[in-house]
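The values are calculated or read from the model by the stated rules, or taken from the named source; none is laboratory data. Quick caveat: nothing in here was measured; it's all calculated off a predicted structure. Here the Cβ positions follow ideal geometry from the backbone for every residue, glycine too, while neighbour counts run over all protein chains shown. Quick note on the areas: whole protein, heavy atoms, side chains included, nothing else; ligands and nucleic acids left out. Shrake-Rupley method; radii C 1.70, N 1.55, O 1.52, S 1.80 Å.
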Amino acid sequence: MIGLIAAMPQEIDAISARMETISICKVADVEFRTGTLGNKNLVIALSGVGKVHAAIAATLMCQLYQPECLISIGVAGGLCDEQEVGDLVISNEAIQADFDTSFIDGPEGIGQVFKADAGLIDRAEQAAQKHGIPYRVGAVATQDLFMAHPDDYARLMKNFPQAACSEMEGGAVAQVADAFGLPFVILRTLSDVVVHEDNPVEFSTFSIASSQKAASLLETFCSL
């Protein structure tokens, strides 16, 4: 069984619409939906926004459903000039970017890094290629922060220049996967690109379109 975690209702609704034999249950404010997609059994969790919500959902999923892997899907802000809205980032690593014990541990206390699974990365790349979705494999930076100020971007890139996007759940899912000994990958569609002055799509419109794109990508992923 593949475990999938998303923060927003429209993301799991788009996937559920493609699933068969769906059952739904709710535990501790986390909604779980199980069924089949492609030729794979799938469990989806609606976590809510932020690292704590994502960690609760991922931990409950591991305890209740024993998935073979964890996949975090959603949207993110791009951090590279060559990126465009709608591009996909496939994680090669997840960074807990706002973890900071540097006062005690020095520079090594800034951030925690978790390596994504090579096999899941390869399947995500194959699915993106089949759909013609522009993508990059790179580091996903997670922090409980919606970056709204230039200092936020500067601080992140100073500490983690390899980061390809910034979001609010993936690193928590990655840390739970690591604790349970499970492979993981993070898939993020870019809703904006920080270094661009204009980002042309209004978010509510974008989130509906990106959810449908992610559902198509995952259906292909599950058939590989």
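Test V52 against the criterion of being over 28 Å from S223 (Cβ atoms), open to solvent by 10 Å² or more (accessible area, probe 1.4 Å), of a type in the set (V, I, T) and part of a helix (DSSP H, G or I), and give yes or no. Answer is yes for this residue. So for region 213-221 (the condition being at pLDDT below 90 and either under 30 Å from E20 (Cβ atoms) or among the charged types (D, E, K, R) (or both)), does at least one residue qualify? Yes, region 213-221 has at least one match.
For region 146-169, the set of residues classified as farther than 22 Å from E108 by Cβ and surrounded by 15 or more Cβ atoms within 10 Å (Cβ to Cβ) consists of M147, D152, Y153, A164, C165, E167, M168, E169, listed by residue number. Say we look at region 91-129 and pick out the residues that are among the charged types (D, E, K, R) and modelled with pLDDT of 95 or more; which of these is most open to solvent (accessible area, probe 1.4 Å)? Selected residue: K115.
Listed by first and then second residue, the pairs linking a residue in region 128-147 that is over 23 Å from A172 (Cβ atoms) to a residue that is open to solvent by 20 Å² or more (accessible area, probe 1.4 Å) and of a type in the set (K, R), with Cβ atoms under 9 Å apart and 6 or more places separating them unless they lie on different chains, are H131/K213; I133/K213.
Restricting attention to region 2-22, does a residue exist that is open to solvent by less than 60 Å² (accessible area, probe 1.4 Å), touching a Cys at 6+ places or on another chain (Cβ under 9 Å) and more than 13 Å from T59 (Cα to Cα)? Looking through region 2-22, at least one residue is open to solvent by less than 60 Å² (accessible area, probe 1.4 Å), touching a Cys at 6+ places or on another chain (Cβ under 9 Å) and more than 13 Å from T59 (Cα to Cα). Taking the criterion of being more than 17 Å from the chain's Cα centre (by Cα) and not in a loop (DSSP other than H, G, I, E, B), the residues of region 1-29 that qualify are S16, E20, T21, I22, S23, I24, C25, K26, V27.
Note on region 125-148: residues that are aliphatic (A, V, I, L, M), within 16 Å of the chain's Cα centre (by Cα) and part of a loop (DSSP other than H, G, I, E, B) amount to 1.
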